[in-house]
Structure formats: C-alpha cells, structure tokens
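Where a number appears in this text, it was derived from the coordinates with a stated rule and is not lab data. Because the structure is predicted, anything quoted here is derived from the model rather than measured. Positions of Cβ are backbone-derived with ideal geometry, glycine not excepted, and every protein chain shown enters the neighbour counts.
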Amino acid sequence: MIDCVENRLLTSRRGLLLGGASFAAWAYLPKFARAADGRDPRLVVVILRGALDGLATVAPVGDPDYAGLHGSIALTADGAHPAPMLDSFFALHPSMPEFARMYRDQHAAVIHAVATPYRDRSHFDGQDVLESGYAGPGRVQSGWLNRALEALPRGERVSSGLAVGPTTPLVLRGNAPTVGWAPVALPQADDDTAMRLVELYRHRDPALASALSQGLQLEKAASGDDMKPKPGNAVAQMRQVARGAAKLMAADDGPRIAALAFDGWDTHANEGGPVGRLAFLLGGLDGALAEFESGLGDRWRDTVVIVATEFGRTARINGTDGTDHGTGTIALLAGGAVKGGRVISDWPGLKPANLFEARDLKPTTDLRSVIKGVLQSQFGLSDRVLAEMVFPDSASARPMKGLVV
Amino acid sequence: MARDSQAALVALNRFGFGARGGASGDLINAASDPRGFVKADLARPFAVLLEAPGLQSTPQLGQAAFAYQDQVKQAREATKAATPTEAPAPLPPADPKPDNTLRRNLSLNTVMTEIAGQMAEAKPADGKPADNAMKPDGMQPSAAAPAAAKPSPQPLNVIQKTFRAEALARLQRAMMVDCGFTERLVVFWSNHFCISASKGELARMWAGAFEREAIRPHVLGRFADMLKAVEQHPAMLFFLDNQQSLGPDSRAGQNRKRGLNENLAREIMELHTLGVGGGYTQEDVTSLARMITGWTFAGRQGKLGAPGSFAFNANAHQPGRQVLLGKTYEATGLAQGEAALADIARHPSTANFVATKFARHFVADDPPPALVARLRDVFVRTDGDLKALATALVDSDEAWKAPLTKMRSPYDFLVASGRLLARVPEDPGGYLNNLNLLGQPLWTPAGPNGFPDTSAAWAAPEGMKLRLDIASQMGARLGPNIDPLDLLEFAAADAASVETRRTIERAESRQQALALLLMSPELQRR
C-alpha cells in the first residue's frame, strides 16, 4: 500500500496532482466566442507526464515486428482481452472503450509516430519542450498555449476558473492571465482577514498580493458540492477532476481554453499488456475524456481535446517487462469538432534499421504540426503567429490541415 | 555589540528554520553575530545525525515490512479459503478489496496489485470516507487533542507507524535546533537525492531511514560518500527499480530471460550528478546501467544477506568491461560501479550542477553567477567537501546581500510557524496533512527530480490561498493565548516593516493578528 493514514485522512490537492491532475485556464473568453455562426470553440490540452508508451496504447498489430518487440506486453486483436482494431493495421488498447466509441463516431483521431523536436530522453527537459513550445529545453518562462492566448482577441473575463494544484503547468504559464481552481476540504479564512492580508501584500509584496487575490477569487467562483473532493483511487480522481473542469467549461461565462496534466506514465517495470498498470491508467484517461464529453453537453460539438506526452518509450521491452525512455509516440484528439475515425500516420516501420537510434519508434510527424493545425482551425491563428510566437522557429512544421470539422 | 536585525533575518530565515518563540533569544543571538550564529551549526557534525528511541535500521525495517506483508497475504488467503466473496479477515488492516469505498484502508496500491499482479509503483489515493475531512491541527500537540481528532481510526499498521515515527523525529529535531542550518542542509540534500514514499510499501517504510543513513552522515562530509551511500541504499534501489535490473548476459539474466532497466542509471547522471546536458550520452546511461546491475537488496529469503540490507548479486551483474564517459572500467564486480560513481562525483559537470542548485536553494532563483562560480571552485578544490561548500556559502557576501526574495517552501513555512509558536509536536498528523494540502507531501515528491525549488512554484494562487486558510486555523486555535506583537519581536523585531507591524496592531482579534503575522512577508520570504 502506498499511502498511510496521513494521505488518507484527506483528499489533498497534491493527491489529485499525484493521482490525477493539475489544471489551469485562460482568464478571458475569446472575443469571437459568440460569433454569428454560433460556434463557440473550446480547447482542452491534456499533458501526460512520464512518457506514454504509444506502441502499447495504439498498437501497430499489423506490423510484423511489433509482437516480437513488445513481447510479453504486446496487444493482440484476439484472445482473452482483444484490442479493437481501429483500421486494418492499428488496434486500440482495450481499456479505452469510450475513446473507441468516439473513434467509431468519427469524433476521435490518433496521430502516430509523433514527437516534439526534443531528441534526448530526460523527462524534465522533454516536458519543458512539450509545454514551452520552444525547439529545445531551457526555456521555461512561458508555454505555447499561453502564447497562443496572447494572440487571441480578448473578450469578457470568465467568472469562474479552474486549476488544480499549487502550480500552473508550464504549457499555460506566461503573460496571458490564467485562473485556477482546486477543491478544498479545509475551513476557509474569513474574508476580512484575507482582505487585510491582501492590503499588506499590496504595500510590501505585490507578487504575493496578486497571487493571493487570484487564489481568493477562484475559490469563490468554483464553490459547489460537486467540486468537493471525494474519496477514490487515481482513476476516480482523474474522472472527478475532468468532471469538475467540464462543468466549469460548459458554463456560458466559463473558461474556453484549459490545460490539465496527469502524472504517472513512466512505466519502466511491469507495464502490463491488456491488463495491468498502463491499462489502469489508460482507463482513467478514457474516463476523463468521457467526463468531458458528457459534462460539456451541447458544447462538446465545438470542442477539441488534445492529449500529448513528452516522448515515447523503447520499441523493445526492457529486462523488467517495462519500457525505457524513447522517442516517437502518439497524440490523441477527441471532441465533437474533431474530424475523426482516422489514424494519421506516416508509418516508419519497426525493423531495426527503421528505429530511431536502433531502439525507439522513429518520429515521422512533428507534434507541433498537429497542435498548430488544431489551433488554426479552432481559433483562426495565422501561420506566422503559430510559427513565430506560439512555436518559435517552427516554420518547417506546417500546420496539419483537416483535423477539425 | 552591534545589533543588526536585518542580518539576523538572513541568518535565521535564509539559512535556518526561523526564530523560535519563548525564551530562545534566537533573534538577539543572531543579530549580535549573524555569521557565527549560522556557522555554529557546522561545528557540530555529529548533531546532524538523528537517533531516537524506536527508529530502526533499514534491514530491521525491511524485515518488519516483509513480515507484515506475509501476514496480510496469509490473512487474505485464509479469507479466500473461508468465504471467497466476503470481507477480508480482521487481522492486518490492509484491504484487498479495491472496489469497496467504505473501507478505510483501501489503497491504490492494493487495487493495482490486484490488477497488475506484482506491480509495485502507485500513486496516492484516497480511501477514506468523505466525512473524515482533514483537521488542520498543524500545531496541535496530540496531548491536547489525542486520537479523538480522527474519529475511531483503525489501528495503524507497522508501515504507517514507522512513517509517522520517522516524520515526528524529523519535525521535533527541526523545532529544537538553534539555527537549523544543518537541518536545512539535510532537507536540501534529501530533496536532491529524493525517493518517493508513493513507490510502494518498502519505500514508505524506508523513507526516513534513507535520510538518516544515506544523507545525514554526509551532509558535512564528502559528496562522493553521500552519492555512494544513496545509490547503494535499498530505498533508492527500490525507488528506481534497480533491484529488478539484470545484466542481459549475467547468469540470472540468461536464466530468467530478463534484463536491463536503465531508470536508476539515468537519474544518477541526470539528477544526482552531471545534470542534463552534463556531457553524457544514451550509451553512457546504458553503460552505467550495466555496471550497477546486481546492486540490490536482500529479499525476505535472505539468500543474498540479511533481508533488507544492500547486497551485490554477482549472478545478476553484467560481465565484462564497460566504457563510461570515455573511460574503460574493468570487470571488477561491485567495484566497477563504485569506481564509476567515484569518477562521476568529481566530474566538472557535477561541480557545476551541485553549485548552481545549492546557490539557487539558499540565495535566489537566479543565483549570482560569481557565487555559483566560487562554490563550484570550492567543490572542485576540496574534492566535494560539503562542509567546505556550506562554509563558503555562509562566508560569501552575496548570500547576505541578496534581497530576501525566496519563498519559503510549505515545509519551511510550517516548521518556522511551529518554532515561532514554540509548539513541539507530539504527533506528526497535522503537519503531514498540511504538507499534503500545500503540495509538498513529506518524502513523497511526484518524480525523482524532487520538489520544485523556485519561488514561482510555491507562490501560486492556490498555494497562497491554502497557506492563508492554514494560518487562520492556527490563529483560531492558538491566538487567544499569545500576544502577536511579542511574536513579531521574536521573529523580526525592528526588521519588521511598518506596514506589517501596523497590520498586526490593527487586527480585529488576536486570532486574526496571529494569522496575519504568520502570513506576513517577513515570515513567508527568506
């Protein structure tokens, strides 16, 4: 067992972070949110921290080398836990029935053999590149989603926000104001004390004044019983956090653009195949996507959820029935606005000569192209803004067309 | 003697855990000789060791954990044999039924173990009933509110008890030390070489012992010795999977058709020594992984030694010479990996990485380059003498002149508050709860890179709101019996700003005044 009594006596924010999630959202509505055509686009970016095994999630069962490389944890289209085929070549992990349904309804898509420009194997640098949008590590002042917000016309301020965790994920950090929310199980300080402290900070410590004021506003905005933490395992927590986020985002005056992160994908040992550790986590992700779908209701048709991870894992399993840090992996798109029912891939093959550095799935698609394609279709950002501001020095990674209906 | 309250704040807050309330005289002592006050800690290297009645060695703890696990297993099997679908046997309080949310001891690990067989890693979950909301009794000694704060809890199992005992010993030490510089060094190095208790039962059992055995003895010793102690500690080997890693060509690897796991090797180079970009390649990672195959701990059968102790399993060790960072290491068994660690410890990239992190922790998120350069030179010249490194920091001008911009981490904040209020905890529960809430669960960072060490990470809106809620709870409970202006004298005296003093004076109640004092910039920044 992992958590002894001190972890169980409360549902902590960190508990949510560890088992589940951190969120943040843009503090404003885009100005065209209520444009004439009635389209009111929403975007959720889900970061999977720890490096998702793309070959285990969307398995190239049609590739003759796959079964040998993934060995004991390889998926198969038959047997006790059959992986549903997405097309004649790729099969989806059986613990993702909701995503499979969205895919059949053409509201979900997979991009395979994808990677950021990062080619080393440090989680932390890899996550920095994924979230900062710069071509290399070391730039952690702002994230690509925040810079995309800076390029959007700013409308009304949202009256409710969401964020879990004492820190804002890098992807949404930057100049554009963000809001956060987290469930609490703690008696609150009274307003008078809070206002006196804000006043003191205004005179002595403006940075703390701003942080505390935001924290106070958000707590008010998101109060409601549904948002209170409830007991449950990591999977239930992923769902619960997604449910809270969807509820806030569905509101007319709620945020339109948000990010969240799920930890725990670093499956070095005993990764498991159709059942096991990764299956357990994928079930949580699947549940979270379903929560967004049901929670957003009518607005789901204008929504795109992007699921991305910092890099993939080794094509061949390691000595402990897991996989080590790799390169190429997958990205997932889900939402009513996705032109789905497709696995988009320039498949590099899994022969030794085709692997990156003879060990990893070779990336053939730049993740930035995928994200740029979504940002362009959802929010009308220009090629130039995307190539210079949002993803600096990325002109060669052209926005992928036709991802959104 | 001249009194310099501003320098006293630096001595107490930047280097230490803050002034104690009551009759300690910490602020006055620090003001008369700020540097001397800090350096007095360094003159007592044995004082950094932590030995308290009831704290056991890693093998003893491992054996207790193994015995507990066996007991749980037996109970589960007995239950299964008797009534296959019924609730578990009463004996050990671990619940093997994952879907029963009313059970108090439900844990994610149990769930995952059921699903995944032997999978060990897990994330904190929550299995408590919703009405059992947290009690922010961070400063509450259990004598005043014994177990009653937690309604009818089941008895703690040995792992929970151990974790709490280790936590309590660490917290009590932090409350009682004069300046706290060496304790802050312990926290720094423990986070640098972190493990996470969320990895599994053994990690939780060993979290405190790991710090006592691998970190504390070397905090004023040599970096190379700490590195070796850490990488050979069972807690680290378990945390980063090395006990599962087998040399592909070793006898065990051949027999069991299993092989390498490069997790520990990578983090040694990326997080513990050279730093990312420190000049190593994927080949080097794999090579080091091979060299440390066989580094494990003896299991419950004790085939490799006393159960729960470090062991070198020659059968699992990859045979042959290896090349690391351009140097060839002959096949010398255990000594091969040890030689590699010794070389990595004195690599220039390591000196640079450690010096930067050290200065960032104590002085500023973007530390003065001249200070970093000086610390790096000291590290190189003294072959990684950590006492010399700490002394050089205290002797530097930069560490005393840089403005107090660093945000106290949740642990620093809670400990500093407890010291000022002169409350030595008898029970760690309140602290552990508050650390969880504030995003810094004790010995349980989300990843092997430890908790963040920048102000931005801890001064986020959510975090500040929560600190205020916690400070208000402390104020409500303890405010009636203290004079907040006295505490302000203990904490900052004439270094307190006019605004802070006025805010406290004008508070509507002592309770409110205490909350505002604890949240004041003087108490939040260091």
**OP:** Treat the range A:303-365 as a sphere of radius equal to its Kirkwood radius over Cα pairs and apply Stokes-Einstein at 4 °C in a medium of 1.567 mPa s; give the translational diffusion coefficient in µm²/s, rounded to a whole number.
**Re:** 99
Original post:
Cα centroids of the range B:433-475 and the range A:254-288: how far apart, whole angstrom?
Top reply: 24
**OP:** Could you give the spread of the C-alpha atoms of the range A:345-405 along their three principal axes, from largest to smallest, in whole angstroms?
**Re:** 41, 27, 12
Original post:
Within a Cβ distance under 11 Å of residue B:352, other residues only, what is the Lys/Arg minus Asp/Glu net charge?
Top reply: +1
**OP:** Any chance you could list P(r) for the range A:272-315, counting all Cα-Cα pairs in 5 angstrom bins from zero, rounded to whole %?
**Re:** 5, 17, 19, 22, 16, 11, 7, 2, 0
Original post:
Looking at the protein assembly as shown, what % of the alpha carbon pairs are farther apart than 36 Å?
Top reply: 48
Subject >> Long-range HN-HN contacts of residue A:338 with modeled amide H, under 5 Å >> reply: A:405
Subject >> Ratio Rg/Rh [Cα only; Rh per Kirkwood] for chain B >> reply: 0.99
Subject >> Unit charges at the beta carbon, dipole of the range B:271-350: most positive-side option, B:326, B:295, B:339 >> reply: B:295
**OP:** Work the Kirkwood hydrodynamic radius out for the range B:307-429: mean of 1/r over every pair of different alpha-carbon atoms, inverted, in Å.
**Re:** 18.1
Subject >> Structure-based [θ]222 nm, the protein assembly as shown - -39500 (n - 2.57) summed over DSSP H runs of at least 4, per residue, nearest 500 >> reply: -12000 deg cm²/dmol
Original post:
Order of B:226, B:464 from fewest to most other C-beta atoms within 10 Å?
Top reply: B:226, B:464
Original post:
Under a 5 Å amide H to amide H cut-off, with H placed in plane at 1.01 Å, what residues pair with residue B:439 once short-range neighbours are removed?
Top reply: A:14
Original post:
Tell me, what is a quarter of the convex hull surface for the C-alpha atoms of the range A:63-157, in nm² with one decimal?
Top reply: 10.1
Original post:
Debye sum, Cα scatterers, the range B:368-526, no solvent: what log₁₀ I/I(0) at q = 0.11, 0.15, 0.17 1/Å?
Top reply: -0.55, -0.93, -1.09
**OP:** Count, for each residue of B:498-505, the Cβ atoms from other chains sitting within 10 Å of its Cβ, then give me the mean as a whole number.
**Re:** 3
Original post:
What is the Cα centroid distance between the range A:298-313 and the range B:36-63, reported in whole angstrom?
Top reply: 49
Original post:
If you average over every viewing direction, what projected area does the convex hull of the Cα atoms of the range A:244-327 give, in nm²?
Top reply: 6.3
Original post:
Is there a pair in B:357/B:465; A:31/A:247; A:362/B:406 whose C-alpha atoms are over 32 Å apart, and which pairs would that be?
Top reply: A:362/B:406
Original post:
Taking amide hydrogens as modeled 1.01 Å from N in the peptide plane, which residues meet the under 5 Å criterion relative to residue B:221, leaving out close sequence neighbours?
Top reply: B:386, B:387
Original post:
Given the protein assembly as shown, what percent of its DSSP beta bridges are antiparallel, to the nearest 5?
Top reply: 65
**OP:** May I ask for the net charge around residue B:400, where only other residues with Cβ less than 9 Å from the Cβ of residue B:400 are counted and Lys, Arg are +1 while Asp, Glu are -1?
**Re:** +1
Original post:
Considering only the other residues whose Cβ falls under 10 Å of the Cβ of residue B:383, what net charge follows from Lys and Arg at +1 and Asp and Glu at -1?
Top reply: +2
